[in-house]
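The values are calculated or read from the model by the stated rules, or taken from the named source; none is laboratory data. Bear in mind the structure is a predicted one, so any value in this text is a computation, not a measurement. In this analysis, Cβ positions are derived from the backbone assuming ideal geometry, glycine residues included, and neighbour counts consider all displayed protein chains.
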Amino acid sequence: MAELQGVIEKEKSKKSKTKKGKKEVRQASSFDLDAHLGYRTKTHDNKSTKLFGYDLFAGVAVLPVGVDADEMPKLMLSMTLRPAAGDTSDPTLGALDRLDDEGYEVDELLVDRGFSFKRPEDWAIELHKRGISQVQDIHLLDRGVKDYEGIRIVRGVPYCVKTLDELIDNPPPPHFKVGPLKKKATADERLNHERNTKALEEFLDVNAKLQQYAFVLNQNASTKNDPFQTQWICPGKAGKIKCELCPLSKDYPADRPVVENPGPLATAPKCCRQATITIPGPVLSKLRQRDPWGSPKWIESFVRRSAIEGIFGNLRNQITQTIKRGFCRVVGLVKTSLMLTFEAVAANIRLVRKWAKRTSLTTDPLTVPFPPDHGFEELDENGQICLAEPFSFDDPPDDLAA
């Protein structure tokens, strides 16, 4: 048996006077020698951030932005099981490499905010080597401002040094996408829909103003020592804002924002005195994305993660796969992986058949509809359906009843 040791944070309850924040070290034993104690997101169902077991890494196929959702079913393409609390970069990159070996072309990867903590050399740079652009929600701790030679680096994008703080400090809305209000919505649902819609509109409005101060990518300027180096043009020279340090900007349209008090050119940052500025790869590579975080294009791309969450929801749903603690009676990484593989295959088959029925594409043998289920029928001694009374045989037959 494996010996486990973990730190448990006690929380105050009605039956206990234990103060919140007090920590207690507990020891336990487990028959599963491969499983580890790890972290999970606390939800209404699990009611804890602690778990003992494994982390599942799954690759789900999603369609490009703008393509009809019914062009293909959303299926799990790859699966890796690892002990909890382990590295997440290595198994994910390994899954991407296996997909590439199998002929799948992956050019975008939708990931959650946890990957924004990864070191560039362990994650973002490895994706860049594979020609993959990540689409990720950025963690709150990574949304601050960093300085590089007078340039304000915000969420992997360079901005003018005079970018207003109130534009940068723009908290995300409760939902990046607000669907239409259903017909018979309650008063509370209408109120929440109105609040969410207003919050999203305000966020997008502030973010649009922020993007006017963003530098414009001129070209990749890779070198042997820094293959991820890039060259940028300041927003004044790119025609996005008016600035005294850029004389040509005085002729820009009146709707362009004006940089207040830019200071003398002699003491201005290098980016204001040059036509372009070169930024080393490590400065931006960790959080850089194809579309700036929070922009309409980024939102349109990121909301496709609902397909990924849908797969995990299908695996956990009590009326589908019902994967939860105790779903199988085996232990160990190999055996548990095998049982999860069966569940993933069954989920994929069910989703394919459901998609085929909805789109009327049932020519493949896997998607042919099942014959009608007429229930059970009483058969006579010759195996024929009995259509009328009275029966001339025992019910059930004596030999079967015995």
Go through the range 257-272 residue by residue and tally those that are surrounded by 14 or more Cβ atoms within 10 Å (Cβ to Cβ) and either touching a residue at least 60 places away in the same chain (Cβ under 8 Å) or part of a helix (DSSP H, G or I) (or both).
6
It is to be established whether one or more residues within the range 188-201 are free of Cβ contacts under 8 Å to residues at least 24 places away in the same chain, surrounded by 13 or more Cβ atoms within 10 Å (Cβ to Cβ), in a helix (DSSP H, G or I) and basic (K, R).
yes
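Would you mind stating whether P235 is touching a residue at least 12 places away in the same chain (Cβ under 8 Å), in a loop (DSSP other than H, G, I, E, B), under 35 Å from the mean Cα position of the chain (by Cα) and under 20 Å from L164 (Cβ atoms)?
Values: touching a residue at least 12 places away in the same chain (Cβ under 8 Å): yes; in a loop (DSSP other than H, G, I, E, B): yes; under 35 Å from the mean Cα position of the chain (by Cα): yes; under 20 Å from L164 (Cβ atoms): yes.
Judged against the criteria, P235 is a match.
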Among (1) free of Cβ contacts under 8 Å to residues at least 40 places away in the same chain; (2) assigned to a helix (DSSP H, G or I), where does H175 come up short?
(2)
Could you figure out which of (1) of a type outside the set (D, E); (2) closer than 17 Å to C160 by Cβ; (3) touching an Asp or Glu at 6+ places or on another chain (Cβ under 9 Å) isn't true of A268?
(3)
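I need the full set of residues from the range 267-298 which are closer than 20 Å to R143 by Cα and more than 24 Å from the chain's Cα centre (by Cα), in order please.
Answer for the range 267-298, where residues must be closer than 20 Å to R143 by Cα and more than 24 Å from the chain's Cα centre (by Cα): I279, P280, G281.
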Failed condition for F57, given (1) assigned to a strand (DSSP E or B); (2) surrounded by 18 or more Cβ atoms within 10 Å (Cβ to Cβ); (3) touching a helix residue (DSSP H, G or I) at 6+ places or on another chain (Cβ under 6 Å), with all others met?
(2)
Among the residues in the range 90-112, are any of a type in the set (S, T, Y) and either within 17 Å of R288 (Cβ to Cβ) or free of Cβ contacts under 8 Å to residues at least 24 places away in the same chain (or both)?
no
Checking C328 against (1) of a type in the set (A, V, I, L, M, F, W, C); (2) out of contact with any strand residue (DSSP E or B) (no Cβ under 9 Å at 6 or more places or on another chain); (3) at pLDDT 90 or above; (4) part of a helix (DSSP H, G or I), the condition it does not meet
(4)
May I ask you to list the residues in the range 339-353 that are in contact (Cβ under 8 Å) with a residue 40 or more places away in the chain and either buried (at least 16 other Cβ atoms within 10 Å of the Cβ) or charged (D, E, K, R) (or both)?
L340, A344, A347, N348, L351, V352
Extreme residue, farthest from the chain's Cα centre (by Cα), among residues of the range 299-338 that are closer than 20 Å to S78 by Cα, surrounded by fewer than 16 Cβ atoms within 10 Å (Cβ to Cβ) and hydrophobic (A, V, I, L, M, F, W, C):
V334
Which listed residue is surrounded by fewer than 16 Cβ atoms within 10 Å (Cβ to Cβ) and of a type in the set (A, V, I, L, M), from A221, A254:
A254
Of all the residues that make up the range 123-174, how many are within 22 Å of E244 (Cα to Cα) and touching a Phe, Trp or Tyr at 6+ places or on another chain (Cβ under 6 Å)?
5
Checking V206, V135 in turn, the sole residue that is among the aliphatic types (A, V, I, L, M), over 21 Å from the mean Cα position of the chain (by Cα) and surrounded by 12 or more Cβ atoms within 10 Å (Cβ to Cβ) turns out to be V206
Which one of the conditions (1) surrounded by 17 or more Cβ atoms within 10 Å (Cβ to Cβ); (2) among the hydroxyl-bearing types (S, T, Y); (3) part of a loop (DSSP other than H, G, I, E, B) does S48 fail to meet, given that it meets all the rest?
(1)
